[in-house]
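**Student:** I am attaching a structure below and will ask some questions about it afterwards.
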Amino acid sequence: MMVDEQAKGGQISEMVRKVNEHMTGLTNISPHVLSDYESAKLREGKAEFIIDRILRKGFRRRADSNRRAKVAAKVGRCVAEDLPLGFTVPFGGYKHFWNPSHPTPDWAEVIHFRQMVRYFQPILAVHKPGIELEYVSEDLIVPRMDNYPDAAIEAYCGNFTQLVAWYDRFVPSNLKMTFWRLGDRYDRRAIVSRVEEALPARIAAFHDLSPERQSHELRRSVRSVFWNGRYDLTGLDAEEKHARVIEARVMEKAFSDIAFGADFAGAYYDDGNRLCTCFSFGMSTDNDVRCFLTVQSSPGSIVDHWIGRGVIYELPNGLRSTIVSRLQYQELVHRIVVVPVDNPPLDHINYRSIDLIRQQ
């Protein structure tokens, strides 16, 4: 029995060592060496090389001629004028309430940052002005739309600010990471007021949709409302809850149209050197109008970093860090081992360990 216990202890120690060794790869970033394919592509011209690397499979999740044309125009200008290429990521600015790390970030954010660096490295190697990666929080509407407490939003944004500043120290020198909040640059009261004014007509229009279309529209919103959040909505009956979900959905679309409109952030997002970038939203029909660039949020995943949870998969030939959704996490929870992490990025409980999903 003692031998068995010693063997088990040794296996655990080895597992912890391997996980922590893997975790160092999230911050140990080596200079990129062009592959033979990349070297040949570069000889066709720097702009064509950059376009090819932005749209390459393995990172891109959705593409069409409109998106390619937008990318080509932005890249062409940046190369011609020797400007940094901008990637702007508008996002929720909160941690979904399902997540054990709520209300603050977890390893999903760090794993996502590493994925973006991996995506950018070939471009950074050939374009000296580099890349500006900016995260823009749209949290100003979240308390009203999805019933998140203001304190939860502030906790997330405060931690995310620290996390961006910490990770920016490890990235190549010509990649600059920044974070700002939409409500700090634009009139948040005016935006929310405009959204509220739009609600009655938009709710009426929603009810004119077919039952099938209504169901499709509500798929995401029904998972987004925080029933016991800013206000206790748990006492609402089924009909009242359904009405609240409809309100959240039409508010989401109204906010998107208004905040991305010419009166507010639309002019900024459409600036000559910026490419708006998204993950799960890119697979939504909502994105068809704006044609934001759609890429993976992490290896093999488009789960948004603020919605999902960062985990490590144990594979036959090693480990893979990625982001999982609520459903994926619930399906895998019986295989999870919590592994302590050496040298966490911030002094916060969410970084002191990581979930390892063991093999079957």
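Every number in this text was worked out from the coordinates using simple rules, so none of it is lab data. Since the model is a prediction, treat every value here as computed from it, not as a measurement. Here the Cβ positions follow ideal geometry from the backbone for every residue, glycine too, while neighbour counts run over all protein chains shown.
**Student:** Which net charge results for the neighbourhood of Ser101, defined as the other residues with beta-carbon distances under 13 angstrom from its beta-carbon, given Lys and Arg at +1 and Asp and Glu at -1?
**Tutor:** +1
**Student:** By how many nm would the segment from Ser13 to Leu332 grow when fully extended, if each residue of separation counts as 0.36 nm and the alpha-carbon distance is taken off?
**Tutor:** Residue separation times 0.36 nm, minus the Cα-Cα distance, leaves 112.6 nm.
**Student:** How many lysine pairs does the chain hold where the Cα atoms are under 26 Å apart and the two sit 8 or more places apart or on different chains?
**Tutor:** Count of close lysine pairs: 25.
**Student:** Turning to a different aspect of this structure: What full-extension length gain, to one decimal in nm, is calculated for Thr234 and Ala151 as 0.36 nm per residue of separation minus the Cα-Cα distance?
**Tutor:** 27.9 nm
**Student:** Rounding to the nearest 20 debye, state how big the charge dipole of the chain is about its Cα centre with +1 on each Lys and Arg Cβ and -1 on each Asp and Glu Cβ.
**Tutor:** 920 debye
**Student:** Picking from Tyr186, Asn147, Pro90, whose Cα lies most toward the positive end of the charge dipole for the stretch 31-357 (charges on Cβ: Lys, Arg +1; Asp, Glu -1)?
**Tutor:** Value: Pro90.
**Student:** Among Thr104, Thr24, Thr178, which comes first, then next, by fewest other beta-carbon atoms within 10 Å?
**Tutor:** Thr24, Thr178, Thr104
**Student:** Would you mind telling me the antiparallel percentage of the DSSP bridges in the stretch 31-357, rounded to 5?
**Tutor:** If I count the DSSP bridges inside the stretch 31-357, around 40 percent turn out antiparallel.
**Student:** Separate question: What does the charge add up to near Tyr186, with Lys and Arg as +1, Asp and Glu as -1, over the other residues with Cβ less than 14 Å from its Cβ?
**Tutor:** Net charge in that neighbourhood comes out at 0.
**Student:** Would you calculate, for the chain, the mean residue ellipticity at 222 nm contributed by helices, counting each DSSP H stretch of 4 or more residues as -39,500 (n - 2.57) and dividing by all residues, to the nearest 500?
**Tutor:** Mean residue ellipticity, 222 nm, calculated: -14500 deg cm²/dmol.
**Student:** Follow-up. Can you put Asp82, Asp342 in order, fewest other beta carbons within 10 Å first?
**Tutor:** Asp82, Asp342
**Student:** Sticking with this structure for a sec: Could you list Leu124, Leu34 in order of exposure, starting from the residue whose Cβ has the fewest other Cβ atoms within 10 Å? Before the final figure, lay out each step's value.
**Tutor:** Values: Leu124 21, Leu34 15.
Result, fewest neighbours first: Leu34, Leu124.
**Student:** Kindly provide the trypsin sites (Lys or Arg not before Pro) of the stretch 105-197 that DSSP labels as loop, not H, G, I, E or B, and whose Cβ sees at most 16 other Cβ atoms within 10 Å.
**Tutor:** Arg169
**Student:** If you don't mind, another one. So what's the net charge close to Ala151: Lys and Arg +1, Asp and Glu -1, counting the other residues with Cβ under 13 Å from its Cβ? Walk me through the numbers before you get to the answer.
**Tutor:** Numbers: positive: Lys95, Arg230; negative: Asp139, Asp150, Glu154.
Combined, the nearby Lys, Arg, Asp and Glu give -1.
**Student:** Still on this model: Using 1/(1 + (r/R0)^6) with R0 = 25 angstrom and r between the beta carbons of Ala47 and Ala165, what's the FRET efficiency to the nearest 0.05?
**Tutor:** 0.20
**Student:** Shifting gears a bit: Give the separation of the Cα centroids, the stretch 168-210 to the stretch 297-360, in Å.
**Tutor:** Their Cα centres are 28 Å away from one another.
**Student:** Something else about it: Along each principal axis of its Cα atoms, how long is the stretch 78-163 end to end? Whole angstroms, biggest number first, please.
**Tutor:** 46, 24, 18
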